[in-house]
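Note sheet for the following structure.
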Amino acid sequence: PPWFSIFLTLSVVATLSNYFIFFTLFRVCDSALVSTLPPSSFRSSSQLSSSHAPGFAKLNRREGAGGWSPLSSDGYQWLEVDLGERTKVTAVATQGRYGSSDWLTSYLLMFSDTGHNWKQHRQEDSVGSFPGNSNADSVVQYKLQQPAVARFLRLIPLGWNPNGRIGLRLETYGCPHTSDVVSLDGSSSSLVYRSIPGWSPTSGEVVSLEFKTLRNSGTLLEAAAAAGGGSLGLELERGKLLLLLRQGGTSSSEPRRLASLGSLLDDQHWHHVAVEWRGAHLNLTVDKHSERVQIPAEFGHWDIKQVGGNTLPSQTDTSKHRNFHGCLENLLYNGLNLIERAKHEDQQVTLAGDVTFSCAEPVSVAVTFPGPQSFLQLPGAMASASAGVSVGFQFRTWNEAGLLLTFDLPQEGGVVWLYLSEARLQLQIHKDGSALNDGQWHSVDLTSGRGRLSVAVDEGGGGVAHASPSFPVSARHQLFFGGCPAEDDNRECRNPFDIFQGCMRLLTVDDQPVDLILVQQRLLGNYSHLQIDMCGIIDRCSPSHCEHGGLCSQSWTVFHCNCSDSGYSGATCHSPVYEQSCEAYKHNGDTSGHFYIDVDGSGPIGPQLVYCNMTEEITWMVIQHNNTELTRVRPAPGVNRHLVHFDYSSREEQLSAITGQSQHCEQELSYHCRKSRLLNTPEGSPFSWWLSGPGAGRLQTYWGGAQPGSRQCACGLRGDCVDPQHYCNCDADRPDWAADSGLLTHKESLPVRSLVLGDIQRPGSEAAYRVGPLRCHGDKNFWNAAFFDKETSYLHFPTFHGELSADISFLFKTTASSGVFLENLGIKDFIRIELRSSAQVVFSFDRPLDDDRWHRVRAERNVKEASLRLDELPAAARQAPADGHFHLQLNSQLFIGGTASRQKGFRGCIRSLQLNGVTLDLEERARITYGALCRNRGRCAEMPSGFRCDCGPSAYTGVFCHTEVSAAFKPATSVAYTFKGPYELARNSSAPPSSIYSDVTPRGENVSLSFSTSQSPALLLYVGSYYREYLALLVNKHGEEDLEVRYKLDSSREAEVLRSRVRSLANGQLHTVSIRRLTDSVSIKTIFNSLLNSEKWITSLSRVRDLLFIFPSSDSDELDPDLARLASLGFTGCLSVVHFNSISPLKAALLHPDSSPVAIAGPLVRSGCGASASANPYAAENKHHLTDRSGSVGSGQPLVNAIRTDSALIGGVIAVVIFMVVAGLAITARFLYRRKETYRNQEVKGVKPEDSPDFPFNNQTDSQDASSENRKEYFI
């Protein structure tokens, strides 16, 4: 058949000084394969008539009766196609019989190389059935997710039109499969490849091959290390492929198992293996499953590679190993076809033993017993009763129990049962054999004669049982394997045991093999519900779907996970048993004590035991290490430094997750000294230091109570060290005891891993240290929340990936009776969690959910079941289909609080939303997403009857924290905000520093404000300390009005002046400035004429002490002379949304002057001068509705429909026309509305909105209108 497309690629391979160029043709593999075949290529179980023969089963053909139909329509029919040679099949299409009511609704696909030993093709490794047709004429094509390579194809009908019969026309699509094959006899045959001497690959090595075998053990591949003395091997053991590493000169050394992949690989079907070396790592792939392992560096390159045996030149002892017996295909090493080179007698490839370049396969017909109605009936012995009975067979199964064989004893009126019980073979004498439910093939031989009955398992290797009954044992009538017929009147077979589910093969009766093909053709014996000529066993534990170390066990139909002692529960050990923080335990009503916490929920980090201190208002999580006591250090001869390492009760990844999730962490670090210096001076090398953080740790040269990079102690920060020339008390080097103590609070530097003390060797030196436990509080994930005020509000995130295993948990609170919490769409698949009524979340529960209380939802989907749990009620679960599971394929963005259609959205609060143990940052997403949510650092807060946005942390106010707080300043106006000094906290209280302390002693600052003025020069903001250290922001004249930032954080140095490139700021327009300093890095962002300008400086700044926050003020006592001159001029203009770290001083002065540490001088009038487009909470949303209709996809827009069609162009033209009409009407309405709005503004003026008003749903619309009317006139 012709190829549709041909692609040409060029590959260049360099070997030493030679270059080889290869041209490779890539063909589109979708040619029709069946339409050109002769009728002799078709076989079937039966045919209704000669005009219904299988040769007429070609797609879109009308010859004969228009397709194939069997004599009877039942589950034992099949249609077989011989493609003539091994072929790559990529798709299958079916059609009903022409002009009839006969078609298939579902079917199975089987493939084989020989016409025997069929293998069922499964979708996604689990689901076996394929969808069929709904009428006789339409064509249903299914593209195989994994192409199949085989010569024979067999289609087995599962369902058909109930008003017709089985009818079929079909086509398969694909292309020829080219390969090089070699057969190894398992004795002494092998293939050896030797690399060119001196050649070493630069980018790694790759070996790939396909193999098939009937033996469950044997050495498949062995490679010798380039340096000698070791080998790496791939060996089959009990049907699994093991990666073994041997170190030493002989193979007799005990190997180290690096990996184990695959199962049931001795099924005489092709399996793909790939080994990829990349430095010290190796990737092993078996079929579709991969594992990455680490190997020693000396095993990174291999000189000799041997396939089929393990007799490398350096190894002589092979008595313990069996060579591979089977066939290999397409053996490639770094792209080189070794089998092809062996055919051409390449010198690098050596063949040993009996090697043939073909694959001679033994015919072994197996039979599968899949269900409770399965049985096989064979005629018994034809000889006399005194001759006894002889029966043999092999079986494999996962079940512990089941009937294998039974037959009557007609002379004695008795019965013989041979069965499995507790994975042991039992006969009537109840003698046990070995464990036999391991999925491996086991042989059974039952013989009787001369008054003796014997049962042998695995040719005697698994046990032999004997009995001497007083009566002859013979089977003259019928033998029943696996079960009994279902007819009630059948008295020849009785089964008091479990049915057998598994495979059997190599059946013999009276030492004569049983031809199962004759059984399949109904020419011998009888059977029901069997799958003949195949073994349909599946290993459901390879790979294991049990997570977090759960142990997998299985039967024929299902697998089970034992989650004991894993810290997880559920069908696949996916759901965490423990809470994620001490905060969550306290919320559940627990008191102080030791608790297991699972910081990442269902993620990979396991649970850990911590102490939760709940005696204070703040809940502390305490992680201990091996030495938290005060420990003295004395000088020792020959020891210059004292090194201490701290081992924590939690692992490294657990500690990192705890510090990252907590809002605040701290650890005490103390040093008591007598003539033992600590850091000396900031300019010199420190005597002592400590290592922090993950891994080996980062070197830190500051001490408790100071800031990172400062090379100071707490007294240096406060300025009260015993020696003013030093920044630590111990650096004074006095003979009296002194101490430097404090808390380390920089989370990125915690915990303390090691401590190095250097000045301890001098005579008279004494020291003691203490490193306290790591203490953290605050769970950022637990209270991460968002509020959705209307059905069209939502947040969107990247696509949720939960193909096989996924869990979703969150808390919600609402007074609405319906709404969608979460939705993610695919082309066919989707996930959705929805509140359907006041008492329903997907499944019904007997309690109302619109009661304005927090409710917890936990949903999970895995390969076994889907479950949903509400609060502490019993979980509702639905089992996965019996024939397998599908991968969940999603491609849209994930919508939270709404849907892609913007309908049926959830109204209320959602917090602590986690997907697969990962918390989604709702607050951060709300800041960058459209919709009327809590904005500008506002938080969703619960109330006794409703919800509100808590604008406390925000510089804004209003319903959604979207209204700017602005004030007009005159020359005599100033606002001062005073912080409590850190030295007062340290000296007057033993409590840990408060949040204010962390704000006034930062490693850096975050300052933002908006201003408009026509004055230049002008002092906008001043942050000063009691040590005349300051930060000042001003507009100054340097040719034009420049933005200038002055930093003076060291009283001994001159102020650093940073000038922005932005000019002409005193133009009366609104400008926004943001200043961010982190240690010595300062960045300034300005929005000038709607343009963003970013600048960054590296300075010598390092620290800041007690701060006094002062707005433009005429009080110049605290100012430098130059700044005092500017302050004396006063400030005329407008300031808006002033923010310093977590403090909003202007908001405090305007809204809470009596309860805040503010001092106001002169007239301070609230003004709308700072209003901007961002004040409109619906502006972004309205803009979204317009842009989204165009179908554009961007980072800020949800992907609603990514499939374009020609109708999109027509829709676009119509949309443009409608838009022009609507725009014309809007302009007219706008003109009329402006006049009406002017009157409304006069009524609204003077109404002072409160900070964070409450808004229950029943009156939220009025609240929004009242708060937004004044803005409409200003912006539109």
Residue satisfying condition, being small (Gly, Ala, Ser), open to solvent by less than 60 Å² (accessible area, probe 1.4 Å) and under 22 Å from the mean Cα position of the chain (by Cα), within set SER528, SER542: SER542
Complete set of residues in the stretch 552-577 that are closer than 30 Å to HIS269 by Cα and touching a Ser or Thr at 6+ places or on another chain (Cβ under 8 Å): CYS552, TRP556, PHE559, HIS560, CYS561, THR572
Hits in the stretch 1024-1044 (condition: surrounded by fewer than 22 Cβ atoms within 10 Å (Cβ to Cβ) and either of a type in the set (Ser, Thr, Tyr) or modelled with pLDDT of 85 or more (or both)): SER1025, TYR1026, TYR1027, LEU1033, GLU1044
Hits in the stretch 476-485 - residues which are part of a loop (DSSP other than H, G, I, E, B) and either buried (at least 17 other Cβ atoms within 10 Å of the Cβ) or modelled with pLDDT of 80 or more (or both): ARG476, GLY482, GLY483, CYS484, PRO485
Given (1) open to solvent by 10 Å² or more (accessible area, probe 1.4 Å); (2) in contact with a Leu (Cβ under 8 Å, 6 or more places away or on another chain), index of the condition ILE623 fails: (1)
Evaluation of THR508 against (1) in a loop (DSSP other than H, G, I, E, B); (2) open to solvent by less than 60 Å² (accessible area, probe 1.4 Å) (one fails), failing number: (1)
Given (1) open to solvent by less than 60 Å² (accessible area, probe 1.4 Å); (2) at pLDDT 90 or above; (3) not aliphatic (A, V, I, L, M), index of the condition GLN661 fails: (2)
Selected residue [polar (S, T, N, Q) and closer than 30 Å to LEU913 by Cα] from THR631, THR615: THR615
Residue match in the stretch 993-1011 (condition: touching a helix residue (DSSP H, G or I) at 6+ places or on another chain (Cβ under 7 Å), at pLDDT below 50, buried (at least 19 other Cβ atoms within 10 Å of the Cβ) and over 24 Å from LYS1048 (Cβ atoms)): yes
Residues of the stretch 1053-1086 classified as buried (at least 16 other Cβ atoms within 10 Å of the Cβ), closer than 15 Å to VAL1035 by Cβ and either touching a His at 6+ places or on another chain (Cβ under 9 Å) or polar (S, T, N, Q) (or both), total: 5
Looking only at the stretch 106-134, and only at residues there that are more than 12 Å from LEU153 (Cβ to Cβ) and among the charged types (D, E, K, R), the one that is modelled with the highest pLDDT: ARG122
Some residue of the stretch 871-882 being open to solvent by less than 60 Å² (accessible area, probe 1.4 Å), within 21 Å of PHE788 (Cα to Cα) and modelled with pLDDT of 70 or more: no
From SER1128, SER1144, SER1116, residue being at pLDDT 80 or above and out of contact with any strand residue (DSSP E or B) (no Cβ under 8 Å at 6 or more places or on another chain): SER1128
Condition check for PRO1163: modelled with pLDDT of 85 or more, open to solvent by less than 60 Å² (accessible area, probe 1.4 Å) and in a loop (DSSP other than H, G, I, E, B): no
Tally of residues being at negative phi, open to solvent by 30 Å² or more (accessible area, probe 1.4 Å), in contact (Cβ under 8 Å) with a residue 40 or more places away in the chain and out of contact with any Asp or Glu (no Cβ under 7 Å at 6 or more places or on another chain) across the stretch 75-96: 4
Pairs, first free of Cβ contacts under 8 Å to residues at least 40 places away in the same chain in the stretch 617-642, second assigned to a loop (DSSP other than H, G, I, E, B) and surrounded by 11 or more Cβ atoms within 10 Å (Cβ to Cβ), C-beta under 7 Å, six or more apart: ASN626/PHE646
Checklist (1) surrounded by 20 or more Cβ atoms within 10 Å (Cβ to Cβ); (2) closer than 27 Å to SER374 by Cβ; (3) not basic (Lys, Arg) applied to SER72, failing item: (1)
Subset of the stretch 49-84 [in contact with a Pro (Cβ under 7 Å, 6 or more places away or on another chain) and of a type outside the set (Gly, Ala, Ser)]: TRP68, GLN77, LEU79
Residues within the stretch 714-761 that are acidic (Asp, Glu), at negative phi and surrounded by fewer than 20 Cβ atoms within 10 Å (Cβ to Cβ), tallied: 4
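Can you tell which of ALA986, ALA967, ALA976, ALA972 is open to solvent by 50 Å² or more (accessible area, probe 1.4 Å), hydrophobic (A, V, I, L, M, F, W, C) and at pLDDT 50 or above?
Going through ALA986, ALA967, ALA976, ALA972 in turn, just one is open to solvent by 50 Å² or more (accessible area, probe 1.4 Å), hydrophobic (A, V, I, L, M, F, W, C) and at pLDDT 50 or above: ALA972.
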Which numbered condition MET110 misses (of (1) buried (at least 19 other Cβ atoms within 10 Å of the Cβ); (2) not in a strand (DSSP E or B)): (2)
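Being part of a loop (DSSP other than H, G, I, E, B) and of a type outside the set (A, V, I, L, M, F, W, C) is the requirement here; does ASP82 meet it? Steps first, answer last, please.
Numbers: part of a loop (DSSP other than H, G, I, E, B): no; of a type outside the set (A, V, I, L, M, F, W, C): yes.
When the stated conditions are applied, ASP82 does not pass them.
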Scan of the stretch 1128-1142 for residues that are surrounded by fewer than 20 Cβ atoms within 10 Å (Cβ to Cβ) and more than 21 Å from PRO971 (Cβ to Cβ), ordered by number: ASN1141, SER1142
Residue in the stretch 324-331 that is among the charged types (D, E, K, R) and either open to solvent by less than 10 Å² (accessible area, probe 1.4 Å) or modelled with pLDDT of 85 or more (or both) present: yes
Test: HIS801 is in contact (Cβ under 8 Å) with a residue 40 or more places away in the chain, open to solvent by 20 Å² or more (accessible area, probe 1.4 Å) and more than 28 Å from ASN891 (Cβ to Cβ): no
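The values are calculated or read from the model by the stated rules, or taken from the named source; none is laboratory data. Model, not experiment: these values are computed from the prediction. No Cβ is skipped: glycine too gets one built from the backbone with ideal geometry, and neighbour counts run over all protein chains shown. Ligands, DNA and RNA are excluded from the accessible area calculation, which covers all protein heavy atoms including side chains. Shrake-Rupley method; radii C 1.70, N 1.55, O 1.52, S 1.80 Å.
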